[in-house]
1. Relative contact order for the stretch B:4-228: what percent, with Cα pairs under 8 Å and sequence separation of 6 or more?
2. Measure nothing but the geometry: give the 0 to 90° angle between the long axis through the Cα atoms of A:2-16 and the longest principal axis through the Cα atoms of chain A, rounded to 10°.
3. In terms of modelled amide H atoms, which long-range or inter-chain residues lie less than 5 Å from the amide H of B:Ala331?
4. For chain A, what does the alpha-carbon gyration tensor say about shape, rounded, prolate or oblate, given a ≥ b ≥ c as the root eigenvalues, a/c under 1.5 as rounded, and a/b over b/c as prolate?
5. Ordered by residue, what ³J(HN,Hα) values in Hz, to whole numbers, does the stretch B:354-361 give under the Karplus form 6.51 cos²θ - 1.76 cosθ + 1.60, where θ = phi - 60° and Gly and Pro are x?
6. Which whole-number percent gives the relative contact order of chain B, counting Cα pairs below 8 Å spaced six or more residues apart?
7. Across 10 Å bins from 0, what is the distribution of all Cα-Cα pair distances for the stretch B:293-383, in whole percents?
8. By how many degrees, 0 to 90 and rounded to 10, does the Cα axis of helix B:378-391 deviate from the longest principal axis of chain B?
Amino acid sequence: MHRVINIITTTFILLLSLAAPVAAAKLAERETLSNGMVVLHTERHSVPMVSIVMAIRTGSIADPSAKAGLAYLTAALLSEGTQKRTSREISEAIEFVGGSLSASAGADYTTVSLTVLKKDIELGLDLLSDIVLHPAFPEEEIMRKKRITLNWLIQQNEEPGAVASIAFSRAIFGAHPYGRQVQGTVETIPAINQQDLVDFHRGYFAPNNAIVSVVGDIGRDELKQLLGRYFSDWKQKEIPEHVLPAIAQNKSSTVLKINKDLTQANIILGHLGIARVDPDYYAVTVMNYILGGGGFASRLMDNIRDNRGLAYDVHTYFTANRYSGSFQAGLQTKNESANTAIAEVIKEMERMRTEQVSDRELEDAKSYLTGSFPLRIDSNSKIAGFNLAVEYYSLGLDYIDRYPAIINAITKEDILRVARKYLDPANYVLVVVGNLQKADLKY
Amino acid sequence: MKKIILIPVLFVFLTVTAAFSLPVNEYLLDNGLKVLILEDHKAPTATFQIWYRVGSRDEKSGKTGLSHLLEHMMFKGTKVHGPKTFAQTIQRAGGTDNAFTSRDYTGYFELLASDRITLPIDLEADRMQNLILTRDAVLSERDVVTEERRLRTEDDPQSFVFEEVMAATFKNHPYGWPVIGWMSDLRTLNPDDLVKHYRTYYAPNNAVIIVVGDVDQKQIMEKIRTSFGSIPAGPPIPAITSVEDEQKGERRVYVKKEAELPYIMTAYKVPNLSHEDGFALDVLGSILSDGKSSRLYHALVYDQQIALSVWAGYEGLYKDPFVFLAGATAAQGKKIEDVERALLEEIEKIKKSPPTGQEVQRAKNQVEASFVMQQDSIYMQARTIGTFEMTVGWKFVDTYLEGIRRVTAEDVSRVARKYLVDELKTTGILIPAPKEKGS
């Protein structure tokens, strides 16, 4: 159940989490502390709680290929012991007050998230600063976390959607870190040792490489004082540059067929997309809403689910990361319908490139994208994530005011242009995970 | 995404049930429609929801999955609003909409900027009375649901085990069949079945409207009265009288299926949350399974390292008695027999000696904190009110936290001894089958 909901939610978040404008009021106060740490603060006293997300500007993009999973393990081990607290002491402390403290690495950045009741903010910040500044990476905990990660990677093979997704990313990004799972592989996880983790932490975890996004029941003065208490010892340092391999464009189609005893074929069809900082990002967002990102308002949902009854979930999305991105159409259908569904996906991509969208489609997409902004920032946790993304991608605190104009300026010609540029129904990667005998693929 | 099926959300149960006094206002229209409104002005957004007291519990053997298929059909258009217009209308206004079906209820919701929150009111009133159920649309949507079933259950080994365990747990109560329905039943559901189900259960006297967010309740009530007030009450709703027979010993089921890691799930029959023991069962679930400091995580994942993951939780928000669940995924190379033994050892420990005061207090603090934090989301607040209303009554939200606060360490031990026993237990085991070779 979670998986399906997540797929859909993810679709919208990818498209829109950065697309959320707000009325003229400034969403956050921004300040750079003397040690270089950027602080974003939104004061909200409606609920006696505080949400904090700290981002470190590194993730699996910094992993050496033979040690893929390094950023992931570093983040996962932050809360497994510090110089003065054991793993158990950390979890006991935060869970006793009903709070949460967790860290995880993404491709572009690593986040450490804290949620506590207002009355527990000191304890929360004490723990947060302790795990970020003074993790101990105990050998015994490293062994445990590596074992759990290996088991998790093995269990991924049980999830057809995950199997397809892993194969797809590897095929389009090749040796680039975006082609690998953040969690690494069963080959690379065993290769990571304590020194690797210590070095990774020492290299990238620094205040001048960090953004702290604070939302909730805390005033400016109190926040300044607490950040001073818990982060003033954190010293600036020089951060290594990320060295990334080039990504090759596919010149022909690649079809990957993975046989499993399943009732459905899990299908992903796609190719490289765009980076988040690309100026075409917004036209692509509107185009994708019409093609397959807009749920029941999208062409693919209408065609493949509503008219043909071929799938429960069908979607497209552009994953736009800092350095590159991907486009994918995904669906699951009974093995016997795989050929038909794939043909319809390709047909809809082609139609997007050859015909202008209708006035109605364009207006609907724009009115959703601009009209849904209040829902994107109506809770502490949503605001905290939004502010962080605005800072990380240098969108500027006026982004929320500029956004409606950016979207409303997009024309049918723009949509056609970006469809031709960023959809390629002739050169794609197609992954099918399912019962291949029953699917009898023509591709 | 349209049409969510509610399978118990094991890990967040306390989050969902955690609640105390909420300033909810209740209204009752002459036609029996109940309206619950909670004004919350922290952001300019609101949710409008309508919940019907119908779910898979109200179905018959041979026609399972009817409530859920009807939920899908509710998006297919009415005499007034054509097909495919519902979601488009909401999305055009910048909103999102969705629906969910469970064993006890079916809910529809919209989330919008609060200046547009009256938009769904006419749409919901319309589809309460004027739904069109054409043969073609039903057959096509039936195919969509079979795809949904393949996705959720047939190709998901752990979900498959859950379905088998429920079927073995409930011999003669409708909780035994899955909300989405058996595949063979889905293939027989026809427009006549749906029309009958719709006419029986979709009426104001079987529905509850819930509004949470930045609204003026006077204005909203006026609009609701205008749109829903003239809909006549339907005939009385048929009562479900099934009572599950007493079980005489442990039941076990096995599933052999392509999978990577062995898995175990155990269900113990327990009363629902309206029973005084419900509070202690909720605290028991938390002590066993909430967070890294919980007993099960510490024993099976951290110390013994025989499980990849482990969980437990009380499923008390049901109309009729349901289950306390516990389960674990074995770590690679570990025997599921050893995982089961370790799981049962932890349960035996808590039966023999009560948890520490610290453990009980932590569970209570987690419940209270999660209630406060849930107020960050208007959607979660509405879901909590709705879930309570459909099962034990929304006013129970107010007494829930007091009940949790009354629980003692000895209560926790006592309910473990009373309910976590062989005579109430059904165990399901997933045995990974050998794989076919890939290409």
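1. Once normalised by length, the contact order is 36 percent.
2. 90
3. B:Ala307, B:Leu308
4. Values: a/c = 2.01, a/b = 1.38, b/c = 1.46.
In terms of gyration-tensor shape, oblate.
5. In residue order, the calculated couplings are x, x, 6, x, 4, 5, 5, 5 Hz.
6. Working: 862 pairs, mean separation 104.6, N = 439.
Reported relative contact order: 24 percent.
7. 14, 34, 34, 16, 1
8. 80
Just so you know, all these numbers are worked out from the coordinates, no wet-lab data involved. None of these values were measured; they are calculated from a predicted model. Using ideal geometry, Cβ is built from the backbone for each residue, glycine included, and neighbour counts are taken over all protein chains shown.
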